[in-house]
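Take a look at the structure set out below.
The values are calculated or read from the model by the stated rules, or taken from the named source; none is laboratory data. Nothing here was measured: the structure is a model prediction, and the numbers come from that model. Cβ sites come from the backbone with ideal geometry, for glycine too, and all protein chains shown count toward neighbours. Heavy atoms of the whole protein, side chains included, go into the accessibility calculation; ligands, DNA and RNA do not. Shrake-Rupley method; radii C 1.70, N 1.55, O 1.52, S 1.80 Å.
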Amino acid sequence: MSGAMDEQTLQFYGGHAQAYAEREVTKHTRLIRFLALLAPGATVLELGCGAGADSAEMLARGFDAHPTDGSPEMASEASRRLGRPVETLLFHDIDKVDAYDGVWANACLLHVPRLELARVLALIWRALKPGGYFYASFKTGAAEGRDSLSRYYNYPTPNSLQAAYAEAGSWNPLSIETGEVRGFDGKSAQMLFVVARKNF
Ligand code: SAM
């Protein structure tokens, strides 16, 4: 697959990997809630892992975490932090089948061009074992666009997001919660948090 990435966004992360790694990270209650859905020691693919904080938490809790990021610079920051290799993996290159009990994608699939989102979600669906859980978060909005740092965002609505998931595969249940976070640009953003389970 090609075209499922935004070059400018990846360049931004490549150029800011160290600053991203040094930013203060608050404790991730959504990650803890997600891990509670999984069996102890479950295998979790992390997409867009950034500097690796969430995989560090998963590993510390005994999960078999597989951290990945599309930016080689970010992957090497995460690798330094975690003391293990971190794969450089672009979303559209996910090729595993029925391999993971969970997929964790915090604040990263929001950079997938709108028209490509269902195709990327389908690759994630395929990579999950039946009954596997998938978490992703998105900034919500009316139309796709760039922020003040030139990063691309797909800015879905709950309805458009639900449609993209439905096109990608069969999930049950699928829940979307709303909330607010402060981004790397210092601005607060309205978020959609999605937890979906691949159907058996
Ligand atoms: N998940 C981390 C967190 O919660 O702090 C990092 C989130 S950061 C906002 C987005 C991450 O997605 C960056 O590390 C970036 O390199 C990665 N990314 C952006 N586009 C990508 C793509 N097409 N494939 C894989 N990773 C990508």
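In segment 74-124, what residues are among the aromatic types (Phe, Trp, Tyr) and touching a strand residue (DSSP E or B) at 6+ places or on another chain (Cβ under 8 Å)? Walk me through how you get there before you give the answer.
Taking segment 74-124 first, the residues among the aromatic types (Phe, Trp, Tyr) are 91, 100, 104.
Once the filter is applied, which keeps residues that are among the aromatic types (Phe, Trp, Tyr) and touching a strand residue (DSSP E or B) at 6+ places or on another chain (Cβ under 8 Å), segment 74-124 yields 100, 104.
Only residues that are near the ligand (Cβ under 10 Å from one of its atoms) and modelled with pLDDT of 85 or more: list them for segment 9-27, please. Spell out how you get there, then give the answer.
Looking only at segment 9-27, we keep the residues that are near the ligand (Cβ under 10 Å from one of its atoms), and these are 9-14, 16-17, 20-21, 23, 25.
9, 10, 11, 12, 13, 14, 16, 17, 20, 21, listed by residue number.
Kindly indicate the residue of segment 85-124 that is open to solvent by 70 Å² or more (accessible area, probe 1.4 Å) and more than 13 Å from the ligand (Cβ to nearest atom) and also farthest from residue 194 (Cα to Cα) among those meeting that condition.
Selected residue: 85.
Enumerate the pairs (first residue in segment 69-95 and of a type in the set (Lys, Arg); second residue anywhere and outside any helix (DSSP H, G or I)) with beta-carbon separation below 7 Å, excluding pairs fewer than 6 apart on the same chain, so at least 6 apart or on different chains.
The qualifying pairs are 81/51; 81/52.
Quick check on my filter: what residues within segment 142-184 are at pLDDT below 95 and either among the hydrophobic types (A, V, I, L, M, F, W, C) or open to solvent by 40 Å² or more (accessible area, probe 1.4 Å) (or both)?
Answer for segment 142-184, where residues must be at pLDDT below 95 and either among the hydrophobic types (A, V, I, L, M, F, W, C) or open to solvent by 40 Å² or more (accessible area, probe 1.4 Å) (or both): 142, 143, 148, 149, 150, 180, 181, 182, 184.
With the requirement that a residue be of a type in the set (Lys, Arg) and either under 20 Å from residue 13 (Cα atoms) or touching a residue at least 60 places away in the same chain (Cβ under 8 Å) (or both), what does segment 100-137 give you?
Of the residues in segment 100-137, the ones of a type in the set (Lys, Arg) are 114, 119, 126, 129.
Result: 114, 119, 129.
Suppose we filter 136, 127 for residues that are modelled with pLDDT of 95 or more and either crowded, with 21+ Cβ neighbours inside 10 Å or farther than 23 Å from residue 43 by Cα (or both); which single one remains?
Working: 127 fails: either crowded, with 21+ Cβ neighbours inside 10 Å or farther than 23 Å from residue 43 by Cα (or both).
Answer to the check: 136.
Filter segment 185-198 down to the residues that are open to solvent by less than 50 Å² (accessible area, probe 1.4 Å) and either in contact with a strand residue (DSSP E or B) (Cβ under 8 Å, 6 or more places away or on another chain) or at pLDDT 95 or above (or both) and list them by number.
189, 191, 192, 193, 194, 195, 196, 198
Please work out if residue 139 is in contact with a helix residue (DSSP H, G or I) (Cβ under 6 Å, 6 or more places away or on another chain) and within 25 Å of residue 62 (Cα to Cα).
no
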